[in-house]
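For reference, the structure is listed below as structure tokens.
Read the figures in this text as sums done on the coordinates, not as results from a lab. As the structure is a prediction and not an experimental result, all values here were calculated from the model. Methodologically, a virtual Cβ is constructed for each residue, glycine included, from the backbone with ideal geometry; neighbour enumeration extends over all protein chains shown.
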């Protein structure tokens, strides 16, 4: 493990990630896949197809609704990641979890942070994933790349900002995915 992943794991293990409980929210877990490429750390994102029921065409982390057979949040995130982009769960080093967050579409998302091997021969599920792309953590950490679009009230009442990163290679990371990314960067003191 290098300094970045050691520090990240230490920070994640030192916190006690909370899971908010919203009565009507559907529980979901996502994997924040991190990988080392050409000496710099990247986060891997997926772009959803126009075929999926929720969040068509949006950028997201691999993940989905927690199923009754899932042992825990981590196993749900790993199962969904394998289904969506073909990464074998045994090849993911789980570092920890972030606090959950509620979306305006009534999903309670539990972000799981993991390191994936790279390069990796990904197998995209053509029904769910249109493409994948990586973004350097250094680029994401630049505060000039993050904007607050507006404040939003969810159906159940919480008031929170909607974030968006400036386009990276034509792709816009916004909404819950931008909030999760921002939370990770702030946890590491990489984004003020």
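Quick check: from the Cα gyration tensor, does the chain come out rounded (a/c under 1.5), prolate or oblate? In terms of gyration-tensor shape, rounded.
Every helix of 4 or more DSSP H residues in the chain counts as -39500 (n - 2.57), and over all residues that averages to -6500 deg cm²/dmol at 222 nm.
FRET efficiency for residue 160 and residue 10, Cβ-Cβ distance as r, R0 = 25 Å, nearest 0.05?
The value I calculate is 0.35.
Note on residue 3 and residue 120: the model spin-label points, each 7 Å out from Cα along the C-beta direction, lie 2.5 nm apart. The mean sequence separation of alpha-carbon pairs under 8 Å and at least six residues apart, normalised by the residue count of the chain, gives a relative contact order of 24 percent. The residues 190, 184, when put in order of fewest to most other Cβ atoms within 10 Å, stand as 190, 184.
Legend: ranking of residues 181, 49, 105 from fewest to most surrounding C-beta atoms inside 10 Å; resulting order 105, 49, 181.
Among 179, 26, the order by Cβ neighbours within 10 angstrom, fewest to most, reads 26, 179.
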